1. Quick one: Y352 ticks every box in (1) modelled with pLDDT under 95; (2) open to solvent by 30 Å² or more (accessible area, probe 1.4 Å) bar one, so which box is it?
2. From the list A145, A110, A124, exactly one residue is without any contact (Cβ under 8 Å) to a residue 40 or more places away in the chain, in contact with a Lys or Arg (Cβ under 9 Å, 6 or more places away or on another chain) and closer than 17 Å to G204 by Cβ. Which is it?
3. So, in the stretch 311-367, of the ones that are in contact with a Phe, Trp or Tyr (Cβ under 6 Å, 6 or more places away or on another chain) and of a type in the set (F, W, Y), which residue ends up farthest from Q277 (Cα to Cα)?
4. Give the stretch 47-66 a look and list any residue that's touching a Gly at 6+ places or on another chain (Cβ under 9 Å), part of a strand (DSSP E or B) and surrounded by fewer than 15 Cβ atoms within 10 Å (Cβ to Cβ), or say none.
5. Condition first: among the aromatic types (F, W, Y) and at pLDDT below 95. Can you find one or more residues in the stretch 34-47 that meet it?
6. What are the residues in the stretch 355-385 that are at pLDDT 95 or above, among the charged types (D, E, K, R) and open to solvent by 20 Å² or more (accessible area, probe 1.4 Å), if any?
7. Looking at the stretch 273-295, which of the residues that are more than 20 Å from the chain's Cα centre (by Cα) and polar (S, T, N, Q) is most open to solvent (accessible area, probe 1.4 Å)?
8. Say whether the condition of being small (G, A, S), within 24 Å of S134 (Cα to Cα) and open to solvent by less than 50 Å² (accessible area, probe 1.4 Å) is met by at least one residue in the stretch 11-18.
Amino acid sequence: MGFEIVGAERPAEIRDFSSLPRGESEVVARASWLGDRFAAGISVSAVDSSTDDQRLRLDGSYFGVTFGNYMVSIGSLAQWWGPGWDSSLILSTNARPMPRVTVERKYSDASTWPVFRWLGPWRAVISMGQAEGSGVAVPDSRLFAARISFRPRSWLEIGLSRTAQWCGDSRPCDLETFVDLLAGRDNPGDSQTIEAEPGNQMAGYDFRMRSPWMQLPVALYGQFIGEDEAGGLPAKFIEQVGLETWGGSGIGSWRGRIEYSDTTCAAPTDDPLRACQAFRSNSYPQGYVYRGRILGHSIDNDGRAWSLGVLWVRPSGMSVSLTARRLELNRDGAPDPQHATSPLGVTELDQYELQWTAPRFAGTVTMGVGYDAVSFGRPVGGSGLRGFLRYRRGL
């Protein structure tokens, strides 16, 4: 059991792996229970200045049942798929967690089957989520999501991810449609009409490759997600690449990284397709969103982001993180009311963020401050200082 209280000024529009506040004030109460076969958690949040007008939320609540090495759960738990620090191109915590039914492997033990033994330790998850029922072009859509990650070598981890928006008001929603979706028959050329398309899919792969030599503490990672499909395989990729390093001494441990993301279709090629508009589709005009926020990278389509960050953790539990970003948003340039971060056109800005966390007052205190410096355009959040203060305590 526990609770937290948060106060914020101008909550950040560009969200990363850290649990940034979503409103100007939040009060959260949590309780959880774990048994031999059953597990449950309840998290109730009261949020002020909410962007989706939901003041009372159950984000983080769940109920699960174990069957051998698998757990079946229902709830609203966050998912972060990929090795990135700043965001994920396919599923991140930028949007609120969608209510979903999930089946996942609990432990990553290697398979004993000879044909699969080469995969090494592996994990798998498959889920079906339910989107909002009003306020969007196609209410009550569903999100199918599946991922498998495996470690064939101690220094290499590979992930394969796939998501699909399907069903919803006025959209086909039967078993045959779902089978067509799984088979990849979801382009107008396959289904003849937009109305008959089974869904809107994204899929791709990611990796994290650590140096096998302990004397060289460095890791390279990347994520490549196809916005479209061609010949049954992902196409028109958006990309993210990064480099990490780390170290430690008697005064604590540290980890640094540099990361680059590009959400322009065909970004890894010499001929990017800005008119493609990643995270958008004709089948679901609201886009690849839940409650107004992109399910993938928070810079939305046609954006580029460079980030440089360092995290320092003391033995006492105190930590300090510093992040600097350079962002180019909506590089297509056309005004787009649906663009989450820059609806009026091209925007260029620099961001600087500092966070401090320490055990205090029988709990944990986190303080964050940031500054956005806009050099061109008009992003949603504007320029200026922002910050938050959070207090967490277990009971």
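1. Looking at each condition in turn, Y352 falls short on (1).
2. Being without any contact (Cβ under 8 Å) to a residue 40 or more places away in the chain, in contact with a Lys or Arg (Cβ under 9 Å, 6 or more places away or on another chain) and closer than 17 Å to G204 by Cβ holds for just one of A145, A110, A124, which is A124.
3. Among residues in the stretch 311-367 that are in contact with a Phe, Trp or Tyr (Cβ under 6 Å, 6 or more places away or on another chain) and of a type in the set (F, W, Y), the one farthest from Q277 (Cα to Cα) is W312.
4. D48, F63
5. No, that holds for no residue.
6. If the condition is that a residue be at pLDDT 95 or above, among the charged types (D, E, K, R) and open to solvent by 20 Å² or more (accessible area, probe 1.4 Å), then R360 is the only one that fits.
7. Among those that are more than 20 Å from the chain's Cα centre (by Cα) and polar (S, T, N, Q), it is N282.
8. no
The values are calculated or read from the model by the stated rules, or taken from the named source; none is laboratory data. This one's a predicted model, so the numbers in the text were calculated from it and none came from an experiment. Note that we place each Cβ from the backbone using ideal geometry, even for glycine, and neighbour counts take in every protein chain shown. All accessible areas refer to the heavy atoms of the entire protein, side chains included, with ligands and DNA or RNA removed. Shrake-Rupley method; radii C 1.70, N 1.55, O 1.52, S 1.80 Å.
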